[in-house]
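In what follows, a single structure is set out as structure tokens and then discussed.
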Amino acid sequence: MGVLRRNLRIWWQPPRRLADREGERTVTFLELFYDLVYVVIVAELAHALAEDVSWAGIGRFAFLFIMVWWAWLNGSIYHDLHGNDDIRTRVFTFLQMGTVAAMAVFAHNAMGAGSVGFALSYAAFQFILTLLWWRTGVHDPAHRPLSMPYVAGFLLTTLLFIVSIFWAEPVRYYLWGTAVLISLMLPFIRPPQVRTNPEVQAQAELALAISPSLVERFGLLTIIVLGEVIVGTVQGVAGHPQLTWSIGGTAVLGMLVAIGIWWFYFDAVSHHLPKPGRVMVLRWAFLHLPLTIGIVSVGAAVLNVVENAGVALPLGVRWLLVGGCALVLVIIVLLMRSIRTPEELAAIYRRGQRAGVAAAVFIALLGFTTLETIPLLLGVIALLLAPVFYSLLALIEMLGETARVG
């Protein structure tokens with residue numbers, strides 16, 4: 001029995017102490033597997049938005065996406081801070097994946113006939129995180145002052161989602177909104193001990209230290225939502241009984257929209273740590289929320305654009321496309337101002353930021369035009385790529401000056 005207990009302790013370890021966090025590590029296959037389940041729920045939300053391109057549809061999509069993004073963020077950060085390569089970590093990760101898959105089942109009509117199922121699935125996810133943060137405080141007393149507010153917050157929001165199933169609309173959604181608001185406030189709550197206890201302050205600084213692996217996870221989430229632009233393109237083509245040059249050309253341009261967004265984000269933002277300081281770290285993390293909302297909105301718009309190839313583009317779809325692309329550009333510019341960059345590239349980044357803002361303004365103005373689908377897409381793509389090529393020209397210019405000086 002003693003041998004069995006010792007072996008069990010090897011494979012079922014307590015949460016990793018924050019002080020033992022690995023500074024340099026690669027993203028594990030378990031984390032990649034965890035991210036995979038979010039592909040499904042993001043797809044469900046994107047398809048629901050594509051079917052209802054209206055202010056009400058956009059509002060429902062944004063509200064539900066915030067909840068899904070918050071779930072991903074907390075699952076990812078917890079693993080980065082306290083996860084181990086043991087059975088316990090795998091079991092709790094698989095349990096989280098199960099609840100996210102359950103959310104995906106009800107996501108398409110989460111604010112309708114599927115609201116009870118979605119609420120209970122989300123409550124189950126929240127309860128698992130509550131248990132994880134509680135166990136962290138138990139096994140890591142130094143981290144307890146920071147983990148306990150999360151335990152209280154997650155427990156309260158879990159109860160709100162459970163209670164909501166006993167109320168009819170719209171009270172049910174008001175309870176959800178209250179829970180979401182409480183959740184989003186949790187990272188900004190600083191226990192009094194942070195200011196008075198040096199040990200707790202040190203723990204807070206460790207928790208806010210973004211690791212390269214976590215930066216990579218944010219990049220992977222961006223790849224996931226960019227996939228919706230590709231999916232939208234393919235599904236738009238599949239919806240036509242016969243392929244024509246107009247449909248094929250529109251689909252190619254839809255792919256180029258995804259490439260333009262990918263190019264700007266992964267050249268300018270990805271693989272860069274946020275600037276030091278609590279405000280900058282939180283700003284960097286939370287800016288990825290509107291970024292991913294914008295990208296998924298573009299994916300829903302592209303689906304409709306390709307489906308409507310050859311006919312007049314609905315006004316709502318036009319504005320969803322240009323609004324989503326403009327939002328993405330603005331957020332990437334703000335992210336560029338939040339990350340650490342080499343001093344020698346500072347001038348290039350400033351020029352890229354100016355180009356990004358200008359491109360966002362011109363893309364938004366395209367919404368007021370009467371351009372047909374293909375000219376509209378060509379304009380959007382050119383403006384999405386403009387900051388990339390403008391920065392590239394600045395880099396070539398800088399390298400040329402360096403060569404002449406040398």
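Any residue at all in the range 349-370 that is crowded, with 16+ Cβ neighbours inside 10 Å, part of a helix (DSSP H, G or I), out of contact with any strand residue (DSSP E or B) (no Cβ under 7 Å at 6 or more places or on another chain) and of a type in the set (D, E, K, R)? Within the range 349-370, one or more residues are crowded, with 16+ Cβ neighbours inside 10 Å, part of a helix (DSSP H, G or I), out of contact with any strand residue (DSSP E or B) (no Cβ under 7 Å at 6 or more places or on another chain) and of a type in the set (D, E, K, R). Starting from the range 87-101, keep only residues that are assigned by TED's automatic domain parsing to the domain that holds G117 and closer than 21 Å to F161 by Cβ, then list their pairs with residues that are modelled with pLDDT of 95 or more and of a type in the set (G, A, S) whose Cβ atoms are within a distance under 6 Å, requiring at least 6 positions of separation or different chains. Cβ pairs passing all conditions: T99/S121; T99/A124. Taking the range 148-242 and the helices (runs of 4 or more DSSP H) fully enclosed by it, the elements with 2 or more residues that are closer than 23 Å to I259 by Cα are at 212-238. Number of residues in the range 295-344 that are on the phi < 0 side of the Ramachandran plot and part of a loop (DSSP other than H, G, I, E, B) equals 11.
The conditions of being in the same structural domain as L378 (by TED's automatic domain parsing) and surrounded by 16 or more Cβ atoms within 10 Å (Cβ to Cβ) are not met by Q242. The set of residues from the range 18-56 being crowded, with 16+ Cβ neighbours inside 10 Å and among the small types (G, A, S) comprises A43, A46, A48, A50. Residue count for the range 292-339 under the criterion of being within 20 Å of the chain's Cα centre (by Cα) and of a type outside the set (A, V, I, L, M): the result is 9.
Yes/no matrix, rows are residues, columns are (1) of a type in the set (A, V, I, L, M, F, W, C); (2) in the same structural domain as L49 (by TED's automatic domain parsing); (3) surrounded by fewer than 19 Cβ atoms within 10 Å (Cβ to Cβ); (4) out of contact with any strand residue (DSSP E or B) (no Cβ under 8 Å at 6 or more places or on another chain):
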{"site": "V194", "(1), (2), (3), (4)": "yes, yes, yes, yes"}
{"site": "E228", "(1), (2), (3), (4)": "no, no, no, yes"}
{"site": "G254", "(1), (2), (3), (4)": "no, no, no, yes"}
{"site": "D267", "(1), (2), (3), (4)": "no, no, yes, yes"}
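Taken over the range 293-311, the criterion of being of a type in the set (V, I, T) and over 15 Å from H47 (Cα atoms) is satisfied by V311 alone. Looking only at residues that are buried (at least 17 other Cβ atoms within 10 Å of the Cβ) and of a type in the set (G, A, S) in the range 269-292, which one is nearest to F65 (Cα to Cα)? Going through the qualifying residues, I end up with A285.
The values are calculated or read from the model by the stated rules, or taken from the named source; none is laboratory data. Everything quoted here is computed from the prediction, not taken from an experiment. Ideal geometry is used to build each Cβ from the backbone, glycine not excepted, and the neighbour counts take in all protein chains shown.
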